[in-house]
Amino acid sequence: MLMAASLSSCAAAKPLARNGPVKTPSNANYRTPSLQGPIPRNPDMSLSSDFSRGSGISFSRVLVSGNYVAMTFDDGPHPQNTPRLLDILRARNVKATFYVIGRSVDLYPQVVRRTVAEGHEIGNHSHTHRLLSKLGDTELRTEMARCRDAVGSAAGVRMRTMRPPYGGLLQRQRELVYSEFGYPTILWAVDPLDWKRPGPSVVTSRILSGTTAGSIILAHDLHAPTVDAMPATIDGLLRRGFKFVTVSQLLAMKTEPATAQASVNAVPGY
Ligand code: NI
């Protein structure tokens, strides 16, 4: 019925065209539709992930001389949402960093193995997701060590960085974790508050508007709507020229303020 109606209205419009130009009313509300095309692809890069100790113990962003950003996903692994996210990342050649909860690693070790096998980085997000700033040193060590051991036995990898649940870790504790486990504390520069479930399009727009070069972006693969937001989010960032690297790769490309300025000035033609 719908097609028949639209065909007949099209046929009715033709004789009008022969009688002279058809006036087109102004349409200030018109917006260009979003581009539908092949999925954009993160470039192939061979980058070091060896960041030197002594470059800092807390980061929410990294000063870099390129459009690099690190996408991070907390609170997994989740048996359905994480594999769905991995499919989305793989289709775009994007490598991300997953801050996992040790307790969930024990439940879903195969998800962590797939994450590692597809080139992503794993970081320590504690074993039981407690607010670490309320814990004594012994409990803090146990939270770090049990997650470390869970990831080690699930996937055989050594984690390089940690993110405290709720972002809560005292300066003194950050120093302890750095000296005893070797983990810098990784916070974030862009927080879409996706855990409040504002809807995928809001998650996307918050990330697109908040991201600049060197940003560490926070999201949670625990939540299905966050995963729903990722195709548009990642494609939007790729179309804006951002390149995705892991947190360790981002730390490894850290420049000093003077060096970053010098390299900007050194670009030919500028
Ligand atoms: Ni968390």
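The values are calculated or read from the model by the stated rules, or taken from the named source; none is laboratory data. Owing to the predicted nature of the structure, the values given are computational and were not obtained by experimental measurement. FYI the Cβ positions are ideal-geometry reconstructions off the backbone, even for glycines, and counts take in every protein chain you see. Remember, those area values only see protein heavy atoms, side chains included, never the ligands or the DNA or RNA. Shrake-Rupley method; radii C 1.70, N 1.55, O 1.52, S 1.80 Å.
Under 5 Å from the amide H of Gly123 lie the amide H atoms of Phe98, Tyr99, Val100, each residue being 5 or more positions distant or on a separate chain, with H modelled from the backbone and absent for Pro and chain starts. The modelled label-to-label distance for the pair Tyr166/Arg84, using points 7 Å beyond Cα in the direction of Cβ, is 2.8 nm.
Counting only protein heavy atoms and using a 1.4 Å probe, the accessible area of Asp191 comes to about 60 Å². The 1.4 Å probe gives accessible areas that order Glu121, Glu175, largest first, as Glu175, Glu121. Taken about its Cα centre, the stretch 96-162 carries a charge dipole of about 0 debye when Lys and Arg each add +1 at the Cβ and Asp and Glu each add -1 at the Cβ.
Heavy-atom accessible area, probed at 1.4 angstrom with all protein chains present, ranks Tyr178, Tyr183 as Tyr178, Tyr183, highest first. Accessible surface of Thr233, taken over heavy atoms with a 1.4 Å probe and every protein chain present, rounds to 0 Å². Its Kirkwood hydrodynamic radius, worked out from the mean inverse distance over all distinct Cα pairs, puts the stretch 51-260 at 17.0 Å. Straight-line reach from Lys134: taking Cα to Cα under 25 Å and skipping same-chain neighbours fewer than 8 places apart, the lysines in range are Lys196. Here the spin labels are modelled as points 7 Å beyond Cα on the Cα-Cβ line, and at Asp50 and Val202 they lie 4.6 nm apart.
Using θ = phi - 60° in the Karplus curve 6.51 cos²θ - 1.76 cosθ + 1.60, the 3J(HN,Hα) couplings for the stretch 146-159 round to 5, 5, 3, 6, 4, 5, x, 7, 6, 10, x, 10, 9, 6 Hz; x is entered for Gly and Pro.
Rounded to the nearest 0.05, what FRET efficiency do Ser26 and Arg240 have when you use their Cβ-Cβ distance and R0 = 45 Å? The formula returns an efficiency of 0.90 here. In this structure, Arg41 and Thr138 have a Cβ-Cβ separation that, at R0 = 35 Å, corresponds to a calculated FRET efficiency of about 0.15. The heavy atoms of Glu143 present about 10 square angstrom of accessible area, all protein chains included, probe 1.4 Å.
Candidate cross-link partners of Lys254 among the lysines, defined by an alpha-carbon separation under 30 Å and a same-chain spacing of 8 or more, comprise Lys95, Lys243.
Taking all protein chains as present, what is the carbon and sulfur share of the accessible area of the stretch 51-260, in % to the nearest whole number, probe 1.4 Å? On the stretch 51-260, the fraction of accessible area on carbon and sulfur atoms equals 52 percent.
For the stretch 83-146, the alpha carbon positions stretch 43, 20, 15 Å along the principal axes, listed from largest to smallest. Taking every protein chain into account, the accessible area of the stretch 51-260 amounts to 39 square angstrom per residue (probe 1.4 Å).
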